[in-house]
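Single-structure report; data block below.
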Amino acid sequence: MTDPSTSIPARSDAALPLAAVWSGPDSGFTLVSQPRPSLAPGEVLVRIELATVCGSDVHTISGDRPTALPTVLGHEAVGIVEEVAGPVRTRGGRLVEPGQRVTWTIGTSCGSCQRCLRGVPQKCTGVRKYGHEAITDHWRLNGGFATHCHLVEGTGLVAVPETLPAAVAAPANCATATVVCAARRAELTAGDSVIVIGCGMLGLTAVAYARERGAEHVVACDVDESRRELALAFGATAVCGPADLAEYAEKYGADVVIELSGNHRAVQSALDIVGMDGHVALVGSVSPGPEVSFEPNVFVRNLSHVVGSHNYTVDDLAEAVTFLAETPAQNLFAGLVPEPLPLTDIDAAVAAAREGTAPRIALRMD
Ligand SMILES: [Zn+2]
Ligand SMILES: [Zn+2]
């Protein structure tokens, strides 16, 4: 990345939307004024209140995940509707109007292709994803690191309560909704014993969400002791390091194992410890890595289920917002996000996210 003090030429016009355009690992970010989009039918212009830097943004910026360029990164965000080319409705059926506070799905879906019809709209054959696509003439504000986001047709919108702090709401449309989807795909049920591997933003969310869903035991596993302490605060009933994971799974059970670290040894452990008729949800492995192995006979006899889980549906996002609005851990979630930095400090925000100084670094757009 370029030197933060020199990477942002001042090319802004206060009256126009401003975007942190990213041109690749060597070129970094440039703040660029963008024309106000002329909305096509079904589109919405949102003024972003707060955006958070997701781990996948960090992967992209580090050069680990290729993306089309130039782009506006960022997809975890909450904002206020400024303009609608309606009628557009939220997932709850309410007409979207200026002034409404919303979050939106990370990708679009057409609703009619085979994948949408099969219930995996996040894999729609025509999906377009915020924070993942090259800027085009029509779609210049296509990510979260900007004052505005241009929501195109097929985006799922969910209303966000005014009382929900922006720092808690912003991660809903990636971290929280991804956890909700993984728990659903793993058929997490009240009374289950749940193992959560990896206690970053998603892991802490998974711990609190599993408790909310009535899990009897929630064992949180992480290499880092301070993260294990946080997991206890979020409701874990026991915590351990990787070396003790098998013992803890044996002791408390492992009906559902949610693997969020992406570490291949942790993935191997998840497959090894899952209990009878249990589910393993693999979530953290989002870039190529070493292979893992399993002995099929064990899986057959144990009636094991292994499910991959990536992104989520608009229903998962709605559930994520409801969970965040109602969880007793709301103050703890707010505490995971330090004081937001202004968009003009995006290099500093990204540097902090890369260093992992907090589970989420936030950008404010005022
Ligand atoms: Zn589709
Ligand atoms: Zn994300």
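Rounded to the nearest 10 degrees, the inclination of helix 346-355 to the longest alpha-carbon principal axis of the chain is 10 degrees. Think of each Lys and Arg Cβ as +1 and each Asp and Glu Cβ as -1; about the Cα centre, that makes the dipole of the chain roughly 860 debye.
The loop-placed GluC sites (Glu not before Pro) in the stretch 283-359, going by DSSP, that have at most 14 neighbouring Cβ atoms within 10 Å of their Cβ come out as GLU291. Compare the Cα positions of ALA351, HIS75, PRO296 along the charge dipole of the chain (+1 at Cβ of Lys, Arg; -1 at Cβ of Asp, Glu; about the Cα centre) and return the one farthest towards the positive end. Positive-end residue among those listed: HIS75.
Only the Cβ atoms of Lys and Arg (+1) and of Asp and Glu (-1) were treated as charged; on that basis the dipole of the stretch 187-308 about its Cα centre amounts to roughly 160 debye. Each part reduced to its alpha carbon centroid, the stretch 65-111 and the stretch 191-255 end up 33 Å apart. Relative to the longest principal axis of the Cα atoms of the chain, the long axis of helix 201-212 lies at roughly 60 degrees. The spread of Cα positions in the chain, taken along each principal axis and listed from longest to shortest, comes to 62, 45, 37 Å. Converting phi to 3J(HN,Hα) with the Karplus coefficients 6.51, -1.76 and 1.60 and the offset θ = phi - 60°, the stretch 23-32 yields 10, x, x, 8, 9, x, 9, 9, 7, 10 Hz in sequence order, with x at every glycine or proline. Distance between the modelled labels on ALA325 and ALA243, one decimal in nanometres: 4.6 nm (7 Å Cα→Cβ projection). Taking the C-alpha atoms only, the angle from helix 175-185 to the longest principal axis of the chain is near 40 degrees.
What is the sum of charges around PRO87, taking Lys and Arg as +1, Asp and Glu as -1, for the other residues whose C-beta is under 15 Å from the C-beta of PRO87? Net charge in that neighbourhood comes out at -1.
Along the stretch 66-79 the Karplus relation, 6.51 cos²θ - 1.76 cosθ + 1.60 evaluated at θ = phi - 60°, assigns HN-Hα couplings of x, 8, 5, 10, x, 9, 9, 6, x, 9, 8, 7, 9, x Hz to successive residues, with x for each Gly and Pro. Computed from phi, the 3J(HN,Hα) profile of the stretch 324-337 under the Karplus parametrisation 6.51, -1.76, 1.60 (θ = phi - 60°) reads 5, 6, 10, 5, x, 8, 4, 5, 5, 4, 4, x, 7, 10 Hz, with x in place of Gly and Pro.
Listing PHE29, PHE145, PHE323, PHE299 from the residue with the fewest other Cβ atoms within 10 Å to the one with the most, what is the order?
The most exposed by this proxy come first: PHE299, PHE323, PHE29, PHE145.
Every number in this text was worked out from the coordinates using simple rules, so none of it is lab data. Not measured: the values here are computed from a predicted model. Backbone-built Cβ (ideal geometry, glycine too); neighbour counts: all protein chains shown.
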